[in-house]
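Okay, structure first, notes after.
The values are calculated or read from the model by the stated rules, or taken from the named source; none is laboratory data. No experiment lies behind these values; they were computed from the predicted model shown. Because the Cβ atoms are built from the backbone with ideal geometry, glycine has one as well, and the counts that use them run over all protein chains shown.
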Amino acid sequence: MDAYFDEITIKSKTYVKGEFEQGEYEQCTFINVDFTQDRLYKIIFVDCEFVDCNLSNITIKDTSFQNITFKNCKLLGLSFEECNDFGFSVNFENCQLDHSSFYQVRLKGASFKGSSLMNLDFTEADLEKANFADCDLSKTIFENTFLEKADFRTAINYQIAPERNKIKGAKFSLEQVKGLLVDYEIVIG
């Protein structure tokens, strides 16, 4: 890595192709930053926060996200399985992650509070103890997903086949439990 950045704040900036400097960013804050015309390739982020940023449809190949918080961000169409998995740890609050993929990604204890997770792919992901508070999970794929002790109590529109996922100890609300029975084509109510 050529550059090291520590405790800097970047505000209201739009990055164009190749402009975002490759390196390591530690304890940095990005506010209202648009990355959609650039890529984040082989960059290391440690203990950083992204607020009101747009990272939709960008390349994040071999990028490292370690203890990262995204708030009010757009992260549409991202392939998180392409990230460096060493120390991978992310949390989302009021974000749009529609059409993204976490195929085989380890997200133990991750929080997705208040986020839109429509058309997402969680196939073979580890979501043990994940928190889906107030999330919309319309058309999201859960296939061979580890969901033990995950919290879906205030999530809506999920469809999870219990026989194809590990859900022991997961929490669901009575109002939304029909999302566990969709494959059976039964009528509830």
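Considering (1) of a type in the set (S, T, N, Q); (2) surrounded by fewer than 19 Cβ atoms within 10 Å (Cβ to Cβ); (3) touching a strand residue (DSSP E or B) at 6+ places or on another chain (Cβ under 6 Å), say which one Ser115 fails and leave the rest.
Of everything listed in (1) of a type in the set (S, T, N, Q); (2) surrounded by fewer than 19 Cβ atoms within 10 Å (Cβ to Cβ); (3) touching a strand residue (DSSP E or B) at 6+ places or on another chain (Cβ under 6 Å), Ser115 misses just condition (2).
What number goes with the only condition from (1) within 22 Å of Phe88 (Cβ to Cβ); (2) of a type in the set (A, V, I, L, M, F, W, C); (3) part of a strand (DSSP E or B) that Phe20 does not pass?
Against the list (1) within 22 Å of Phe88 (Cβ to Cβ); (2) of a type in the set (A, V, I, L, M, F, W, C); (3) part of a strand (DSSP E or B), Phe20 comes up short only on (3).
Of the conditions (1) surrounded by fewer than 17 Cβ atoms within 10 Å (Cβ to Cβ); (2) among the polar types (S, T, N, Q); (3) on the phi > 0 side of the Ramachandran plot, Ser138 fails just one. Which one is it?
With respect to (1) surrounded by fewer than 17 Cβ atoms within 10 Å (Cβ to Cβ); (2) among the polar types (S, T, N, Q); (3) on the phi > 0 side of the Ramachandran plot, Ser138 is out only on (3).
Of the residues Phe152, Phe92, which single one is aromatic (Phe, Trp, Tyr) and over 29 Å from Phe35 (Cβ atoms)? Even if it seems obvious, please write down each step before you answer.
Working: Phe92 fails: over 29 Å from Phe35 (Cβ atoms).
Criteria check complete, one pass: Phe152.
Considering only the stretch 141-158, how many residues are touching an Asp or Glu at 6+ places or on another chain (Cβ under 8 Å), within 13 Å of Gln176 (Cα to Cα) and either of a type in the set (Asp, Glu) or surrounded by fewer than 21 Cβ atoms within 10 Å (Cβ to Cβ) (or both)? Full working, then the answer.
Filtering the stretch 141-158 for residues touching an Asp or Glu at 6+ places or on another chain (Cβ under 8 Å) gives 141, 143-150, 154-157.
From what is left, the residues that are within 13 Å of Gln176 (Cα to Cα) are 154-157.
Of the ones still in play, those that are also either of a type in the set (Asp, Glu) or surrounded by fewer than 21 Cβ atoms within 10 Å (Cβ to Cβ) (or both) are 154, 156-157.
Final tally of qualifying residues: 3.
Per-residue answers, yes or no, for (1) over 14 Å from the mean Cα position of the chain (by Cα); (2) under 21 Å from Thr154 (Cβ atoms); (3) surrounded by fewer than 17 Cβ atoms within 10 Å (Cβ to Cβ):
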{"site": "Asp6", "(1), (2), (3)": "yes, no, yes"}
{"site": "Tyr15", "(1), (2), (3)": "yes, no, no"}
{"site": "Glu21", "(1), (2), (3)": "yes, no, yes"}
{"site": "Tyr41", "(1), (2), (3)": "yes, no, yes"}
{"site": "Val46", "(1), (2), (3)": "yes, no, no"}
{"site": "Phe80", "(1), (2), (3)": "no, no, no"}
{"site": "Cys83", "(1), (2), (3)": "no, no, no"}
{"site": "Phe92", "(1), (2), (3)": "no, yes, no"}
{"site": "Leu97", "(1), (2), (3)": "no, yes, no"}
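Only one of Phe88, Phe70 is under 23 Å from Cys28 (Cβ atoms), at pLDDT 95 or above, hydrophobic (A, V, I, L, M, F, W, C) and not in a loop (DSSP other than H, G, I, E, B). Can you tell me which? Walk me through it before giving the result.
Values: Phe88 fails: not in a loop (DSSP other than H, G, I, E, B).
Only one candidate passes the filter, namely Phe70.
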